[in-house]
């Protein structure tokens, strides 16, 4: 059975997720969906026993930098807790990954922007579409069909798996 990592980039109404192979980091399934839909997807996979005991999860965690935040940030925090509780109550270990850790892991500096993170992923995993990492329908590359926040979810998963490998936990 393939060992999987679930990575989630949570939002206040929608979240992006990627299931990736823990050994090859290959994305197996990915999408950006309404939070309620992601919760249903996870419940379905757990009830089908297709993922239970075969994966762990990494969720991007909100961090405070002393700036004022709005309602959306607090609503995102609620969803982080709901996803974590659902997973942990079903025996799935959850690790929280902070954005600064993603930036340091993939770019080596905390000042990195989303474009830098995306390019780091493309440089590391793309095989022929070295500009976008997606390829075409006829010739797909590693990140075929990736868009928007799915890149962030992938970065969370890669950071989590890199950390586990560095610790000798995989």
Which residues, counting only those in segment 21-31, are modelled with pLDDT of 95 or more and surrounded by 19 or more Cβ atoms within 10 Å (Cβ to Cβ)?
27, 30
Just to be sure I understand the filter: pairs with C-beta atoms under 9 Å, separated by 6 or more residues or on different chains, first member in segment 25-38 and at positive phi and free of Cβ contacts under 8 Å to residues at least 40 places away in the same chain, second member surrounded by fewer than 13 Cβ atoms within 10 Å (Cβ to Cβ) and outside any loop (DSSP other than H, G, I, E, B). Which pairs pass?
none
Taking segment 54-83 only, how many residues are modelled with pLDDT under 80 and either assigned to a helix (DSSP H, G or I) or surrounded by 12 or more Cβ atoms within 10 Å (Cβ to Cβ) (or both)?
3
Quick one: which residue in 128, 93, 160 is closer than 17 Å to residue 21 by Cα and loosely packed, with under 14 Cβ neighbours inside 10 Å?
93
Note down all Cβ pairs under 7 Å where the first residue falls in segment 149-170 and is without any contact (Cβ under 8 Å) to a residue 24 or more places away in the chain, the second is crowded, with 16+ Cβ neighbours inside 10 Å and part of a helix (DSSP H, G or I), and they're at least six residues apart or on different chains.
none
Top-ranked residue of segment 96-109 - restricted to ones that are touching a strand residue (DSSP E or B) at 6+ places or on another chain (Cβ under 8 Å) and under 25 Å from residue 54 (Cβ atoms), ranked as surrounded by the most Cβ atoms within 10 Å (Cβ to Cβ)
102
Only one of 155, 112, 138 is buried (at least 17 other Cβ atoms within 10 Å of the Cβ), farther than 23 Å from residue 55 by Cα and at pLDDT 95 or above. Can you tell me which?
112
Could you identify the single residue in 86, 38 that is at pLDDT 90 or above, surrounded by 20 or more Cβ atoms within 10 Å (Cβ to Cβ) and not in a loop (DSSP other than H, G, I, E, B)?
38
Please go through segment 96-123 and pick out each residue that is assigned to a helix (DSSP H, G or I), under 16 Å from residue 163 (Cα atoms) and in contact (Cβ under 8 Å) with a residue 12 or more places away in the chain.
99, 100, 101, 102, 103, 105, 106, 107, 121
When segment 134-151 is checked residue by residue, the ones that are under 15 Å from residue 124 (Cα atoms) and touching a helix residue (DSSP H, G or I) at 6+ places or on another chain (Cβ under 8 Å) are 142, 143, 151
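The values are calculated or read from the model by the stated rules, or taken from the named source; none is laboratory data. Please read these numbers as outputs of a predicted model, since none were measured by experiment. Every residue, glycine as well, gets a Cβ built from its backbone with ideal geometry; the counts of neighbours run over all protein chains shown.
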